[in-house]
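The block underneath contains the structure these notes are about, expressed in structure tokens.
The values are calculated or read from the model by the stated rules, or taken from the named source; none is laboratory data. Everything numeric in this text was worked out from a predicted model, so none of it was measured. Positions of Cβ are generated from backbone atoms using ideal geometry, with glycine treated the same way; all protein chains shown enter the neighbour counts.
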Amino acid sequence: MTFHEPLSEFAGLPVADYMEARLLERSGQDAGPGRRSPELDGLADPGSVAWRLTRYGCGYDEGDQWSALDYLTGFTGFVSDPAAVTAVVVGSLVNAFAVESSDEVRDAFVEIVPRLPGLRALFYTDLSFEECEASWIRHSDLSSLVAAYPGLTGFAVRGTGYLSLDALEHPGLRRLTLQGGGLPGRLARQVASARLPELERLELWLGVEDYGGDAAPQDLAPVLRGEAFPRLRSLGLRNAEHTGAWVRTLAEAPVTARLHTLDLSLGTLRDEDVAPLLEAPAFRGLRRLDLHHHYLSEEAADEVRRVLTEAGVEVDLSDPQEPDTYDDEVHYYTAVSE
């Protein structure tokens, strides 16, 4: 399984496609009877939507000479008040996402900082599997992109195999999300050493070893000890090939007692992982525990739900999975492994 559909909502806002909005404005069309259009809402109030910026449909042929900077400058010139834009979702602006790097787009965003002074949330990049498999996305260092926007409070990036966040530092970032089929240990260590004093929510997609997912608890040691991010209250260790091992680590980790939300969804939680999950006091102190997409039997899931619900924990145990068996071996899969 990979990423099938583009985001329809981001940062609490509906996503509006910039090129669709251009077409609507040019044609003078409305959204049709009974249909609400994020694009028309965005034309009226640029801050009411998260703007999706994507190359496809923009009218350029493969042979046209253009740049990401041209595209972004065109966007900021199109919206009625670019200073009102608070959220942007980057799509497939250049073919280089699949074959070289996204440096051109990163550098263009850094250059247009004065045009987007109100930007608070950035998703970089929302590519479906039809456009580019997550493991093929080639980002280099994006620390300069994060640092360039002083008002940024949320940053999400898809594609972690080549990504670097070396010396990441931002005084106001509250939410950081890294999505992919495999989180390298070197990248986990960079995150753990980042200077993000206001970080409240960290979401890491750990993935599988076949796609570079070799991050281990020691790579996140400062986070697990509760030292890296003093304000952290929500932690996601999602899409993990060895969810049970992380349960055992978190049962002993000081950070768990400080969390109100723990997300271990999209992984491979099994019946043998239930005992440490229910015996550790730290898990019973959570407000919410997300375990959806799991491999628990019905009996084990009922026991987890009963014990944790009685402790006041809201538990999501939806989307139970069945393992595959072939060549006399049982195989458990994360939700995103390609």
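Could you go through the stretch 317-329 and let me know if any residue there is on the phi > 0 side of the Ramachandran plot, out of contact with any Cys (no Cβ under 7 Å at 6 or more places or on another chain) and free of Cβ contacts under 8 Å to residues at least 12 places away in the same chain. Quick ask: steps written out before the conclusion?
Our first condition is that a residue be on the phi > 0 side of the Ramachandran plot; within the stretch 317-329, this holds for 319, 327-328.
From what is left, the residues that are out of contact with any Cys (no Cβ under 7 Å at 6 or more places or on another chain) are 319, 327-328.
Filter again for free of Cβ contacts under 8 Å to residues at least 12 places away in the same chain, leaving 327-328.
There is at least one residue in the stretch 317-329 that is on the phi > 0 side of the Ramachandran plot, out of contact with any Cys (no Cβ under 7 Å at 6 or more places or on another chain) and free of Cβ contacts under 8 Å to residues at least 12 places away in the same chain.
Among the candidates A228, A251, the residue that is more than 22 Å from the chain's Cα centre (by Cα), at pLDDT 95 or above and not in a strand (DSSP E or B) is uniquely A251. Each residue in the stretch 231-248 was checked for being part of a strand (DSSP E or B) and among the charged types (D, E, K, R), and 1 pass. Whether any residue in the stretch 1-14 is modelled with pLDDT under 70, crowded, with 16+ Cβ neighbours inside 10 Å and not in a strand (DSSP E or B) is what I want to check. Yes, the stretch 1-14 contains at least one residue that is modelled with pLDDT under 70, crowded, with 16+ Cβ neighbours inside 10 Å and not in a strand (DSSP E or B).
Please pick out the residue among L178, L119 that is closer than 18 Å to A335 by Cα, touching a Phe, Trp or Tyr at 6+ places or on another chain (Cβ under 7 Å) and free of Cβ contacts under 8 Å to residues at least 40 places away in the same chain.
Numbers: L119 fails: closer than 18 Å to A335 by Cα.
Exactly one residue qualifies, and that residue is L178.
The single condition from (1) farther than 18 Å from Y333 by Cβ; (2) surrounded by 22 or more Cβ atoms within 10 Å (Cβ to Cβ) that T268 fails is (1). Give L202, L266 a once-over and let me know the one that is among the aliphatic types (A, V, I, L, M), assigned by TED's automatic domain parsing to the domain that holds L278 and assigned to a loop (DSSP other than H, G, I, E, B). Result: L266 is the single residue among L202, L266 that is among the aliphatic types (A, V, I, L, M), assigned by TED's automatic domain parsing to the domain that holds L278 and assigned to a loop (DSSP other than H, G, I, E, B). Taken as a whole, the structure places V247 among residues that are crowded, with 21+ Cβ neighbours inside 10 Å, without any contact (Cβ under 8 Å) to a residue 60 or more places away in the chain and of a type outside the set (D, E, K, R).
Name the residue that is modelled with the lowest pLDDT, counting only residues in the stretch 60-78 that are assigned to a loop (DSSP other than H, G, I, E, B) and not charged (D, E, K, R).
Within the stretch 60-78, the match that is modelled with the lowest pLDDT is Y60.
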